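Note sheet for the following structure.
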Amino acid sequence: MARRNFVTQALTAGIVGALALALAACSAGSGTGGGGSTGGGDSKIVMGFAQVGAESGWRTANTKSIQAAAKKAGVTLKFSDAQQKQENQIKAIRSYIQQKVDVIAFSPVVETGWDTVLKEAKDAGIPVVLTDRAVDSKDTSLYVTFLGSDFVKEGQKAGDWAVKEFGDKPTNVVEIQGTTGAAPAIDRKAGFAQQIAAKPNIKIIASQTGDFTRAGGKQVMEAFLKSNPKIDLVFAHNDDMGLGAIEAIEAAGKVPGKDIKIVTIDAVKDGMTALSEGKINYIVECSPLLGDQLMDVAKKVLAGKKVEPRIVTVETTFTQEQAKAALPDRKY
Ligand code: GYE
């Protein structure tokens, strides 16, 4: 019933393409959340989760983590996939408000433009938990907590590695940014820039968005290769775009990891494989496994317990050797 509301709205708005995926995601979500009570006794918590999309290996792992954690925690999960479009996420959140879910969680595709819909949730008395990505709102009463990584720190770690790797050598860097306006794109860019600021020999000569997808990374890298004869380093805001860049570099007859070095963020399996094969040089980890923590937070909030306003994920970094050692046990 609830799902039909969302479908009707989506159709009205003519988002037919988005619908196919949203439907697929919904049924995946309901399979997870609706399948029998495994929870701890009293009435089941209903969570509406508005996911960004399915743009990357990271996102797929994040979705699986949330669905599995909901099942384990006995939380009924209503899940929607916004296809990386803010208007779809806003529609999904409004639909969850109409359905009177107990708690709404979402990973905001971009940072700004959320105040109105978050106020609607607040007025309806439904707590909102931000996972993975933050919103840029002055009114922090609009959400209970933000659970996720420190993206500035991730960018800094990538920048620190570049400074160590290239020292005083003249170094041309091309940057493949994540989704324009998304917290991880804004923060990773800033963190990296801070760390290389003291090294005038390390220069970002081009910077463009690849929208966190492999195809986007490939396309941007092809353009960079055409217009820049000397590229020493690619800084890609996620593994998938780095993997796309590898394809472009190889197609141009160059050797990724050697002729052009690559540093990325995420450490998903495909990225770690490329790192262990020497095609990527360094990866900063960003963990997508936020599901269990999210369910804990939701239960605490609904039980009237206090939660920290910011919960930061613990993460590491990987060299090529470390990737070889870590790969066999890598879960995503
Ligand atoms: O790094 C990227 C994904 O928000 C941290 O989104 C997440 C980012 C992640 O598409 O792969």
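Across region 151-286, the mean sequence separation of Cα contacts (distance under 8 Å, 6 or more residues apart), normalised by length, yields a relative contact order of 25 percent. Close amide-amide hydrogen proximity is noted between ARG310 and PHE146, each under 5 Å apart and 5 or more residues distant or on a separate chain (H modeled in the peptide plane; Pro and chain starts excluded). Within the same chain, lysines fewer than 8 places from LYS100 are excluded, and of the rest, those with a Cα less than 17 Å from its Cα are LYS44, LYS78, LYS91, LYS119, LYS122, LYS299. Fully extending the segment from LYS324 to LYS226 would add 32.0 nm, taking 0.36 nm per residue of separation and subtracting the current Cα-Cα distance.
Summary of the geometry: region 141-184 and region 65-122, compared by the centres of their Cα atoms, lie 26 Å apart. The C-alpha atoms of the chain define a longest principal axis, and helix 57-73 lies at about 30 degrees to it.
Pull out a ≥ b ≥ c, the square roots of the eigenvalues of the alpha-carbon gyration tensor of region 151-286, then state rounded if a/c is under 1.5, prolate if not and a/b is larger than b/c, and oblate in the remaining case.
Because its axes are fairly even, with a/c under 1.5, region 151-286 counts as rounded.
Across the chain the C-alpha pair distances fall into 20 Å bins from zero in the proportions 32, 53, 15, 0 percent.
About its Cα centre, the chain has a charge dipole of approximately 540 debye under the convention of +1 per Lys or Arg Cβ and -1 per Asp or Glu Cβ, with nothing else charged. Full extension of the chain between ALA68 and GLN194 yields a length gain of 41.6 nm, computed as 0.36 nm times the residue separation minus the alpha carbon distance. Taking Cβ atoms as reference points and 14 Å as the exclusive limit, the residues near ASN172 contribute a net charge of +2, counting Lys and Arg as +1 and Asp and Glu as -1.
Please find the FRET efficiency linking ASP139 to THR316, where r is the Cβ-Cβ separation and R0 is fixed at 41 Å, and quote it to the nearest 0.05. Mind showing how you got there, number by number?
On the way: r = 34 Å, r/R0 = 0.83.
According to the calculation, E is roughly 0.75.
Using equal-weight Cα scatterers in the Debye expression, the normalised intensity of region 133-229 in log10 at q = 0.18, 0.25 Å⁻¹ is -0.90, -1.30. Once the Cα atoms are used to define both axes, helix 291-302 deviates from the longest principal axis of the chain by about 40 degrees.
Read the figures in this text as sums done on the coordinates, not as results from a lab. As the structure is a computational prediction, the values presented were derived from the model and not from experiment. Ideal geometry is used to build each Cβ from the backbone, glycine not excepted, and the neighbour counts take in all protein chains shown.
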